1. If one computes the Cα centroid of the range A:258-325 and of the range B:224-254, what distance in Å separates the two points?
2. In nm, to one decimal, how far is the B:Val92 label point from the B:Thr37 one, both placed 7 Å along Cα→Cβ?
3. With respect to the cross-link table entries A:Lys49/A:Lys508; A:Lys49/A:Lys197; A:Lys276/A:Lys399; A:Lys276/A:Lys382; A:Lys338/A:Lys399, which display a Cα-Cα separation exceeding 29 Å?
4. Using only the alpha-carbon atoms of the range A:244-327, report the extent along each of the three principal axes, biggest first, to the nearest angstrom.
5. Starting from the Cα gyration tensor of the range B:1-132, take the square roots of the eigenvalues, sort them a ≥ b ≥ c, and report rounded, prolate or oblate (rounded when a/c is under 1.5, otherwise prolate if a/b is larger than b/c, else oblate).
6. Within 10 Å of each Cβ of A:372-385, how many other protein chain Cβ atoms are there on average?
7. Along the three principal axes, how long is the range A:111-198 when you take its alpha carbons, biggest first, rounded to the nearest angstrom?
8. Beyond 25 Å, what percent of the Cα pairs of chain B remain?
Amino acid sequence: MRPDPAVAIKDLRIALPRGGERAYAVDGVSFDLNPGEIVCVVGESGSGKSMCAHALMGLLPDSVTAEAGTILFEGRNIVPLDENGWRDLRGRRIAMVFQEPMTALNPLMRIGDQMAEMFEAHGLLSPRQRRDKSLDLAREVGLPDPERIVRAYPHQLSGGQRQRAMIAMALALEPAVLVADEPTTALDVTTQAQILKLIRDLQRSRNMAVMFITHDFGVVADIADRVVVLRHGKVVEQGSAAAVLGQPQHPYTRALLAAVPSIHPPQRLALGDRNKAIEAIGLDKTYVTSGGWFRPDRTVQAASQVSFSILQGETLGLVGESGSGKSSVARLVVRLIKADRGTVRIGDIDLTCLEGNALRDQRRRIQMIFQDPFASLNPRRKVGQIISDGPIAHGSDPKMAQTRCRELLALVGLDPGAMERYPHEFSGGQRQRIGIARALALEPEILVADEAVSALDVSVQAQVLNLLEDLKTRLGLSMLFITHDLRVAAQICDRIAVMQRGVIVELKQTAALFAAPEHSYTRELLAAVPGQKKQVSLSK
Amino acid sequence: MMRFLRQLMRNPSGLIGLIIVVTAIAIALFGPLIFPTSPWRMVQRPFLPPFALSAVPLGTDALGRDVFAGIIYGARVSLLVGLVSTLAALAVGIPLGAVAGYFGGRIDDALMRFTEFFQTIPSFALAIVLVAILQPSIYSIVASIAIVSWPPVARLVRGEVLSLRSREYVQAAIVTGQTHRWIIWHEVLPNALSPVIVLASLMIATAILLESSLSFLGLGDPNLISWGYMVGAGRTVIRQAWWITVFPGLAILLSVLGLNLVGEGLNDALNPRLARDGR
């Protein structure tokens with residue numbers, strides 16, 4: 001006989017405000033959280049997974065209401081609780097870890113004080129004991145040099161350390177239930193692996209029930225005991241991790257798993273001796289932040305002696321963690337920022353020494369696809385204008401540009417009627433297609449994709465990757481593909497360059513890199529990719 | 001556009017403001033057609049109290065001139081000065097701010113120091129000096145009000161442009177080879193405009209007050225009657241004939257209040273975060 005569940009959610013239904021895309025954010029969701037068990041709630045954006053978490057914390061926004069259903073916690077229904085009741089429960093019995101540790105911590109308070117505040121809020125312990133306790137907590141979550149770090153401010157910590165501090169705060173009052181809302185999404189892979197291990201260890205030693213919200217099946221495979229798959233606010237499948245990942249029953253779960261890119265690179269055709277499409281030689285870029293009158297300047301080396309070349313029709317991947325300088329390299333290559341030293345050569349033209357109109361003319365040969373599909377399209381211009389602006393600027397006849405725009409939209413799989421609509425009427429994946437059409441409008445030779453699929457859900461990500469691959473072969477494009485996701489890189493790149501602190505530490509054929517990584521940093525990155533122990537991907 | 005108007009309507013204070021402003025504009029446009037008598041003409045005995053004769057409902061001033069006619073004709077001057085000087089201030093402030101914010105660096109430094117030069121001088125003092133030097137006329141009043149009120153516009157636009165400049169769609173426009181002018185005009189400015197519209201509606205109110213203050217001090221256009229002039233002229237006899245100052249004063253109060261309410265309503269309607277939030 002199992003022990004009683006710590007939390008039992010039954011037929012929970014949360015109504016969205018009128019005029020939304022659907023009536024209920026969460027519709028008839030039931031699942032249990034048991035002590036000593038990690039339940040992963042998986043789903044794509046808009047599936048209602050965060051709403052579940054917020055309902056469990058009593059943090060639903062005013063505009064939505066829990067209309068029906070119960071959440072049983074320690075034998076009573078907590079849905080109708082008032083603010084005082086919640087205040088007593090939150091932090092003490094149910095705690096939460098948020099996605100973005102920088103915004104979840106108060107930037108003006110020392111880490112130790114923020115931990116001590118947890119006890120203060122519930123009127124526990126004396127100030128002295130609180131201080132000692134926060135030191136213990138810092139030690140327990142593995143923060144280095146705890147005495148120093150409790151006196152530090154959030155901005156002085158790394159992303160991983162901040163998330164550790166958040167976890168320490170959540171654990172301070174020994175809650176029975178921990179709700180973690182995408183706690184590792186904002187972190188680098190190596191840090192993510194450490195945080196996942198920490199949550200797992202703490203959960204075991206304290207016998208907590210953990211509700212872990214994520215969109216990443218790799219993470220699910222590493223951490224989950226049970227899995228709940230949500231889609232449009234409804235549970236499509238739930239069961240043990242082995243069952244859901246191993247023998248998914250519902251077609252949606254199968255489709256999601258099939259969309260997860262495999263970490264094993266597919267066989268790629270050798271490109272032989274082709275001409276170089278673009279060559280970067282010895283790029284250097286240092287950012288200098290002026291320190292004012294009495295402080296020294298702060299310098300960050302974003303790129304140091306970065307050299308690579310891309311053959312015609314080849315995809316070169318640039319992988320690395322945040323702050324490794326890969327986005328800076330992308331911007332150096334398209335000359336959005338100026339290099340301190342070094343050259344970028346397209347064919348026989350040196351892009352780095354061009355100015356003014358000459359530069360504008362050559363720009364059409366190298367185009368960029370941006371990361372954020374919501375920020376990369378001007379909200380006040382119609383899609384047709386967004387795509388045809390470029391060709392018109394290069395002297396194309398507006399009528400011709402319109403026709404071309406229609407062809408491009410068809411090419412990226414959108415309806416030509418999209419021309420008359422504004423970007424906000426499209427989903428993230430569709431917007432990214434528009435971004436691709438804009439880049440292709442100028443018939444470039446080289447595409448630079450800066451984290452072009454990182455902001456998309458897995459199923460959409462797979463579609464956009466297929467589209468890029470297909471376009472590349474059909475139009476004979478070369479591509480510089482920047483990503484932090486090694487699974488994606490494995491699928492799309494011919495060669496991969498690994499960057500660390502502004503330096504390319506290893507550059508090899510994809511298959512060779514995955515089979516025999518030479519540099520210690522590459523090995524570390526590969527080892528940290530989640531979900532390698534169990535098979536998560538059904539693709540290939 | 002219709003959706004935007006509906007947003008504005010939903011806010012009751014904004015609606016009241018809009019009604020006041022529309023009424024004021026209607027009076028300025030059509031009032032003189034209905035009351036063709038010149039406000040300078042003496043129509044009755046001096047110091048006739050209000051509500052005594054239906055021909056002069058708001059009484060007469062020290063020279064026997066109709067106060068009601070003065071208010072109607074004064075609306076033209078006050079609103080015109082408010083509108084034109086604000087447009088002139090926008091015409092200076094928006095390009096300066098946009099150029100400073102877009103190009104940054106030394107251009108930004110130079111333009112912003114220039115702006116600060118105007119901001120450090122008390123604006124009313126500067127306006128008085130300018131009008132006094134240029135001789136009081138409707139043109140010099142409009143010019144001086146515009147000169148003292150463009151710096152906040154430039155600052156606001158610069159700030160907006162500075163944050164929009166690093167947006168990905170602006171970078172995308174650079175990569176596709178657009179010229180700087182095109183990018184500022186098509187990509188940056190349209191997205192920076194909503195706070196400017198709000199500021200502009202409040203600036204019209206400030207300009208009306210400035211004009212009134214100048215006229216009150218006797219620096220108004222001697223050929224045109226304005227509310228400020230009427231308040232100024234009546235202040236010496238305020239104890240014997242309160243109506244000469246109170247009614248034009250009320251006119252100023254109402255139109256400025258109306259414009260402020262419209263500005264606030266616009267702010268709520270144009271600010272997507274406030275408009276949609278349930279809280």
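1. One Cα centre to the other: 72 Å.
2. My value for the distance between the label points is 4.1 nm.
3. Listed pairs above 29 Å: A:Lys49/A:Lys508; A:Lys276/A:Lys399; A:Lys276/A:Lys382; A:Lys338/A:Lys399.
4. The principal-axis extents, from largest down, are 65, 41, 15 Å.
5. Oblate is the answer for the range B:1-132, as a/c is 1.5 or above yet b/c matches or exceeds a/b.
6. 4
7. Principal-axis extents of the Cα atoms in the range A:111-198, largest first: 39, 29, 18 Å.
8. Working: 21366 of 38781 pairs.
For chain B, the share of Cα pairs beyond 25 Å comes to 55 percent.
Laboratory data are not the source of any read-out in this text; all were calculated from the coordinates shown. Keep in mind that what you see is a predicted model, and the values were worked out from it rather than measured. Positions of Cβ are backbone-derived with ideal geometry, glycine not excepted, and every protein chain shown enters the neighbour counts.
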